[in-house]
Amino acid sequence: QVQLVESGGGLVQPGGSLRLSCAASGSLERFNFMGWFRQAPGNQREMVALIIPGGTTTYCESVKGRFIISREIGKNTVYLQMDSLKSEDTAVYYCHLAMSRGNSWGQGTQVTVSS
């Protein structure tokens with residue numbers, strides 16, 4: 001089984017920064033996709049950022065230029081650096097791992113942007 005554990009969420013003011021971490025453990029495949037999703041109250045879960053084994057990244061339009069996803073392969077950890085945070089970024093952020101045999105999700109970490 002695969003376990004994903006997120007950390008780094010919290011309360012920040014608009015314009016502030018936050019860095020999320022997701023540590024993966026268990027039976028991991030060499031080639032996979034990892035990413036971050038988020039879900040605000042009353043909204044559908046949406047893709048925020050995705051990184052593939054080769055390092056290529058993609059982001060949803062609303063976070064481009066503000067968020068950066070990175071991956072520490074040796075530690076099986078993925079990060080999401082969030083800068084210039086806005087109130088609309090408030091959501092529960094979930095780490096995601098896609099493998100050939102299925103998908104895994106973290107428990108989520110709350111990010112609240114408010115003054």
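The values are calculated or read from the model by the stated rules, or taken from the named source; none is laboratory data. What you are looking at is a predicted structure, and each value in this text was computed from that prediction instead of being measured. All Cβ positions, glycine included, derive from the backbone under ideal geometry; neighbour counts span all protein chains shown. Note: accessible area is taken over every heavy atom of the protein model, side chains too, but ligands, DNA and RNA are not part of it. Shrake-Rupley method; radii C 1.70, N 1.55, O 1.52, S 1.80 Å.
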Legend entry - Dipole of the chain, positive direction: furthest Cα of 16, 97, 69, with charges on the beta-carbon: 97
Legend entry - Length released on extending from residue 28 to residue 105, taking residue separation times 0.36 nm less the Cα-Cα span: 26.4 nm
Legend entry - Computed over the chain: relative contact order in percent, which uses C-alpha pairs under 8 Å that are six or more apart: 37 percent
Legend entry - Dipole of the chain [Lys/Arg +1, Asp/Glu -1 at C-beta], most positive-end residue of 78, 27, 108: 27
Inset, instruction - Find the percent of Cα-Cα distances in the chain that exceed 23 Å, and round it to a whole number. - result: 23 percent
Legend entry - Chain lengthening between residue 72 and residue 57 when straightened (0.36 nm per residue, less Cα-Cα): 4.0 nm
Inset, instruction - Mind jotting down the distance between the C-alpha centroids of region 1-42 and region 59-110, whole Å? - result: 5 Å
Inset, instruction - Summarise the accessible area of the chain (1.4 Å probe, protein heavy atoms) by the percent that is carbon and sulfur. - result: 48 percent
Inset, instruction - Run the quick spin-label model on residue 83 and residue 115: label points 7 Å from Cα toward the beta carbon, then report their separation in nm to one decimal. - result: 2.1 nm
Inset, instruction - In debye, nearest 20, what is the charge dipole magnitude of region 38-115 about its Cα centre with +1 on Lys and Arg Cβ and -1 on Asp and Glu Cβ, if you could check? - result: 200 debye
Inset, instruction - Just the isolated ones, please: cysteines in the chain lacking another cysteine beta carbon under 4.7 angstrom. - result: 60
